[in-house]
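K.L.:
Provided herewith is a single structure, encoded as structure tokens, for subsequent inquiry.
The values are calculated or read from the model by the stated rules, or taken from the named source; none is laboratory data. In this text, all values refer to a predicted model and were calculated from it rather than measured experimentally. Methodologically, a virtual Cβ is constructed for each residue, glycine included, from the backbone with ideal geometry; neighbour enumeration extends over all protein chains shown.
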Amino acid sequence: MPAGAGTFEEGEARPAPKRGGSDVSDEMVVLPKSEDETSLDYAYRVLRYNILMYKMPPGAQLRETAVAQKLGLSKMPVHQAVGRLREQLLVDVVPQSGTNISRINVSAMRQGSLLRTDVEAQTLFRMAGRLPSSYIVRLSECLDEQRRTLEATPLDIFRLASLDDEFHRIVFEGSGLEFTWRMVRAASTHYDRVRFMGLVYGFDDPYTFYRDHEDLAKRLAFGTRLTKDQLYTFIYGHLNHFVDFWDQMVEQHPDYFDFGPVPGDAV
């Protein structure tokens with residue numbers, strides 16, 4: 001990842017990106033393209049990165065032609081990438097009007113949070129003290145990477161969040177629940193946007209994720225004396241930091257949120 005992509009010096013002002021339907025292609029961070037990466041996958045990865053990192057904030061206009069020019073691609077892979085993002089409810093495409101970054105749907109966010117909390121709590125209760133040793137080793141290696149990322153200056157927020165996901169993916173894989181993890185991730189798009197918002201705008205303390213992961217790794221390795229209800233409370237606290245600063249986020253960025261039904265749901 002190039003220097004400055006998703007990184008902030010301590011005390012540096014958080015982004016104040018364009019809003020309200022303004023085009024944000026000029027604000028977009030262009031990531032390097034991998035040699036074996038298709039143009040579609042590259043366009044999707046760059047756009048998703050910029051949406052999660054609030055370089056392309058909720059409500060901003062997305063012009064496919066401008067994005068294609070900036071990425072050095074034809075319009076087709078960018079158009080296909082936008083279609084993929086639309087399926088994930090990350091963009092709104094209005095015929096004869098244009099494409100905008102979707103606002104964070106609060107109902108979708110809550111449902112993603114509920115699903116992930118319930119499934120992860122059940123998984124921890126079942127696997128505490130039973131996760132295979134090879135996966136305990138992988139969790140330890142992931143924790144080492146998280147610590148190094150936290151100690152680096154400037155902090156790479158996107159990498160830290162990716163390592164957070166990797167930690168939980170290892171737990172699901174070691175539990176024989178890879179398909180479940182993919183389904184949970186697919187339903188967690190708007191939950192993830194709130195999670196990233198807490199880090200990007202400085203509401204959340206990134207070190208809390210690491211400390212929670214240390215605790216989780218110990219329970220998975222050696223077992224736990226916590227009851228099922230106590231484990232649920234622990235997992236809820238770990239996955240839902242945003243509850244502590246939810247009011248602040250909504251007050252400071254009211255135009256980022258959509259309190260209506262999830263698109264496609266019956267009203």
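K.L.:
For the range 91-205, list the helices (runs of 4 or more DSSP H) that sit wholly inside it and hold at least 2 residues that are farther than 28 Å from Pro263 by Cβ; which are they?
P.N.:
In the range 91-205, the matching helices (runs of 4 or more DSSP H) lie at 106-127, 133-151, 157-174.
K.L.:
With Thr189, Thr208 as the choices, which residue is within 18 Å of the chain's Cα centre (by Cα), within 26 Å of Leu89 (Cα to Cα) and polar (S, T, N, Q)?
P.N.:
Thr189
K.L.:
Find the residue count for the range 34-56, including only residues that are touching an Asp or Glu at 6+ places or on another chain (Cβ under 9 Å) and outside any helix (DSSP H, G or I).
P.N.:
Of the residues in that region, 3 qualify.
K.L.:
Could you list, ordered by first residue, the pairs with Cβ atoms under 9 Å in which the first is in the range 46-62 and over 18 Å from Pro254 (Cα atoms) and the second is part of a loop (DSSP other than H, G, I, E, B) and of a type in the set (Gly, Ala, Ser), at least 6 apart or interchain?
P.N.:
If the second residue must be part of a loop (DSSP other than H, G, I, E, B) and of a type in the set (Gly, Ala, Ser), the pairs left are Tyr49/Ala5; Tyr49/Gly6.
K.L.:
Considering only the range 89-130, state which residues are closer than 22 Å to Asp164 by Cβ, of a type in the set (Lys, Arg) and in contact with a Phe, Trp or Tyr (Cβ under 9 Å, 6 or more places away or on another chain).
P.N.:
Within the range 89-130, Arg110, Arg116 meet the criteria.
K.L.:
Taking the range 24-46 as the search range and keeping residues that are surrounded by 17 or more Cβ atoms within 10 Å (Cβ to Cβ) and over 18 Å from Asp156 (Cα atoms), which one is modelled with the lowest pLDDT?
P.N.:
The residue in question is Val24.
K.L.:
Something else about it: Residue under question is Met76, and the condition is that it be modelled with pLDDT of 95 or more and farther than 22 Å from Asp192 by Cα; does it hold?
P.N.:
Against the criterion (modelled with pLDDT of 95 or more and farther than 22 Å from Asp192 by Cα), Met76 qualifies.
K.L.:
Here is a follow-up. Return only the number of the condition from (1) among the aromatic types (Phe, Trp, Tyr); (2) within 18 Å of Arg185 (Cβ to Cβ); (3) in the same structural domain as Thr189 (by TED's automatic domain parsing) that Phe125 does not satisfy.
P.N.:
Of everything listed in (1) among the aromatic types (Phe, Trp, Tyr); (2) within 18 Å of Arg185 (Cβ to Cβ); (3) in the same structural domain as Thr189 (by TED's automatic domain parsing), Phe125 misses just condition (2).
K.L.:
Given the structure, is Asp265 assigned to a loop (DSSP other than H, G, I, E, B) and under 19 Å from Arg147 (Cα atoms)?
P.N.:
Against the criterion (assigned to a loop (DSSP other than H, G, I, E, B) and under 19 Å from Arg147 (Cα atoms)), Asp265 does not qualify.
K.L.:
Would you pick out the residues in the range 206-233 that are crowded, with 17+ Cβ neighbours inside 10 Å, part of a helix (DSSP H, G or I) and of a type outside the set (Asp, Glu)?
P.N.:
The answer is Pro206, Phe209, Tyr210, His213, Leu216, Ala217, Arg219, Leu220, Ala221, Leu231, Tyr232.
K.L.:
In the range 161-169, is there at least one residue being under 23 Å from Leu47 (Cβ atoms) and touching a strand residue (DSSP E or B) at 6+ places or on another chain (Cβ under 8 Å)?
P.N.:
No, the range 161-169 contains no residue that is under 23 Å from Leu47 (Cβ atoms) and touching a strand residue (DSSP E or B) at 6+ places or on another chain (Cβ under 8 Å).
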